[in-house]
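*Asks:* Have a look at this one before I ask anything.
The values are calculated or read from the model by the stated rules, or taken from the named source; none is laboratory data. This one's a predicted model, so the numbers in the text were calculated from it and none came from an experiment. Here the Cβ positions follow ideal geometry from the backbone for every residue, glycine too, while neighbour counts run over all protein chains shown. Ligands, DNA and RNA are stripped out before the accessible areas are found, and what is left, the full protein with its side chains, is counted by its heavy atoms. Shrake-Rupley method; radii C 1.70, N 1.55, O 1.52, S 1.80 Å.
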Amino acid sequence: MDATLRALSDPGRRRILALVRDEERSAGEIAAEFTVSWPAVSQHLRVLKDAGLVTERREGTRRLYRARPEGLADVRAYLDGFWDDKLKRLKREVEGG
(Lines give C-alpha, C1' and ligand atoms only; values in the text may rest on other atoms or scores of the structure.)
Protein backbone atom coordinates (compact mmCIF):
# COMPACT_ATOMS: atom_id res chain seq x y z
CA MET A 1 0.00 0.00 0.00
CA ASP A 2 2.92 2.38 0.66
CA ALA A 3 4.08 2.20 -2.97
CA THR A 4 0.55 2.91 -4.15
CA LEU A 5 0.20 5.94 -1.89
CA ARG A 6 3.62 7.25 -2.96
CA ALA A 7 2.65 6.83 -6.61
CA LEU A 8 -0.62 8.66 -6.06
CA SER A 9 1.03 11.50 -4.14
CA ASP A 10 2.22 13.14 -7.36
CA PRO A 11 -0.34 15.16 -9.38
CA GLY A 12 1.30 14.19 -12.66
CA ARG A 13 0.98 10.50 -11.90
CA ARG A 14 -2.65 10.95 -10.90
CA ARG A 15 -3.22 12.70 -14.23
CA ILE A 16 -1.57 9.83 -16.11
CA LEU A 17 -3.73 7.34 -14.23
CA ALA A 18 -6.83 9.31 -15.26
CA LEU A 19 -5.67 9.33 -18.88
CA VAL A 20 -5.39 5.55 -18.99
CA ARG A 21 -8.35 4.78 -16.76
CA ASP A 22 -10.83 4.05 -19.57
CA GLU A 23 -8.60 3.27 -22.53
CA GLU A 24 -5.18 1.97 -23.34
CA ARG A 25 -2.81 4.71 -24.50
CA SER A 26 0.68 4.70 -25.88
CA ALA A 27 3.53 6.29 -23.99
CA GLY A 28 3.78 8.91 -26.75
CA GLU A 29 0.09 9.81 -26.43
CA ILE A 30 0.50 10.17 -22.69
CA ALA A 31 3.66 12.28 -23.03
CA ALA A 32 1.88 14.58 -25.52
CA GLU A 33 -0.47 15.62 -22.70
CA PHE A 34 2.39 17.04 -20.61
CA THR A 35 4.85 19.90 -20.85
CA VAL A 36 7.53 18.03 -18.90
CA SER A 37 10.31 16.07 -20.61
CA TRP A 38 9.84 12.59 -22.01
CA PRO A 39 12.21 11.11 -19.37
CA ALA A 40 10.03 12.64 -16.63
CA VAL A 41 6.88 11.06 -18.09
CA SER A 42 8.73 7.77 -18.51
CA GLN A 43 9.76 7.87 -14.84
CA HIS A 44 6.15 8.54 -13.78
CA LEU A 45 4.98 5.58 -15.85
CA ARG A 46 7.63 3.37 -14.23
CA VAL A 47 6.52 4.40 -10.73
CA LEU A 48 2.88 3.68 -11.60
CA LYS A 49 3.82 0.32 -13.09
CA ASP A 50 5.99 -0.65 -10.11
CA ALA A 51 3.11 0.23 -7.77
CA GLY A 52 0.80 -2.06 -9.75
CA LEU A 53 -1.43 0.79 -10.88
CA VAL A 54 -0.90 0.39 -14.63
CA THR A 55 -0.09 -2.43 -17.00
CA GLU A 56 2.36 -2.11 -19.85
CA ARG A 57 1.94 -3.98 -23.11
CA ARG A 58 4.37 -3.90 -26.00
CA GLU A 59 3.09 -3.71 -29.54
CA GLY A 60 6.06 -3.56 -31.89
CA THR A 61 8.11 -0.60 -30.71
CA ARG A 62 5.21 1.00 -28.87
CA ARG A 63 4.45 0.64 -25.18
CA LEU A 64 0.78 0.78 -24.29
CA TYR A 65 -0.49 1.55 -20.81
CA ARG A 66 -3.80 0.94 -19.09
CA ALA A 67 -4.96 1.47 -15.51
CA ARG A 68 -5.28 -1.49 -13.16
CA PRO A 69 -8.17 -0.63 -10.82
CA GLU A 70 -7.34 -3.68 -8.72
CA GLY A 71 -4.05 -1.96 -7.91
CA LEU A 72 -6.05 0.37 -5.67
CA ALA A 73 -7.66 -2.47 -3.67
CA ASP A 74 -5.46 -2.15 -0.56
CA VAL A 75 -5.91 1.62 -0.38
CA ARG A 76 -9.63 1.29 -0.93
CA ALA A 77 -9.95 -1.34 1.80
CA TYR A 78 -8.00 0.89 4.17
CA LEU A 79 -10.21 3.91 3.46
CA ASP A 80 -13.39 1.83 3.53
CA GLY A 81 -12.46 0.85 7.08
CA PHE A 82 -12.88 4.48 8.13
CA TRP A 83 -16.16 4.79 6.27
CA ASP A 84 -17.50 1.52 7.71
CA ASP A 85 -16.73 2.68 11.27
CA LYS A 86 -18.59 5.95 10.69
CA LEU A 87 -21.59 4.11 9.24
CA LYS A 88 -21.70 1.74 12.22
CA ARG A 89 -21.60 4.69 14.64
CA LEU A 90 -24.33 6.47 12.67
CA LYS A 91 -26.48 3.34 12.71
CA ARG A 92 -26.09 3.06 16.51
CA GLU A 93 -27.05 6.72 16.92
CA VAL A 94 -30.09 6.39 14.65
CA GLU A 95 -31.24 3.24 16.41
CA GLY A 96 -30.82 4.94 19.77
CA GLY A 97 -28.02 2.73 20.98
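*Asks:* Let me spell out the model: positive unit charges on the Cβ of Lys and Arg, negative unit charges on the Cβ of Asp and Glu, origin at the Cα centre of the chain. What dipole size does that give, in debye rounded to 20?
*Replies:* 120
*Asks:* Can you bin the chain into rounded, prolate or oblate? Criterion: square roots of the alpha carbon gyration tensor eigenvalues sorted a ≥ b ≥ c, rounded for a/c under 1.5, prolate for a/b above b/c, oblate for the rest.
*Replies:* prolate
*Asks:* In Å², what does the accessible area per residue of the range 1-65 work out to with a 1.4 Å probe?
*Replies:* 61
*Asks:* From the phi of every residue in the range 17-25, what ³J(HN,Hα) in whole Hz does the Karplus formula 6.51 cos²θ - 1.76 cosθ + 1.60 yield, where θ is phi - 60° and glycine or proline is x?
*Replies:* Calculated HN-Hα couplings, in order: 4, 5, 5, 9, 5, 9, 8, 6, 9 Hz.
*Asks:* What's the angle, to the nearest 10 degrees (0 to 90), between helix 73-94's Cα axis and the longest principal axis of the chain?
*Replies:* 20
*Asks:* When we measure straight from the Cα of residue 91, which aspartates and glutamates land under 20 angstrom away, once same-chain ones fewer than 8 places off are left out?
*Replies:* 80
*Asks:* Quantify, in whole percent, the carbon and sulfur part of the accessible surface of the chain (1.4 Å probe; protein heavy atoms only).
*Replies:* Carbon plus sulfur share of accessible area: 51 percent.
*Asks:* Would you check the accessible area of residue 92, probe 1.4 Å, heavy atoms only, in square angstrom rounded to 10?
*Replies:* Approximately 120 Å² of residue 92 is accessible to the 1.4 Å probe.
*Asks:* If amide H atoms are built 1.01 Å from N in the plane of the peptide, which residues on other chains or at least 5 residues away come under 5 Å of the amide H of residue 54?
*Replies:* 49, 68
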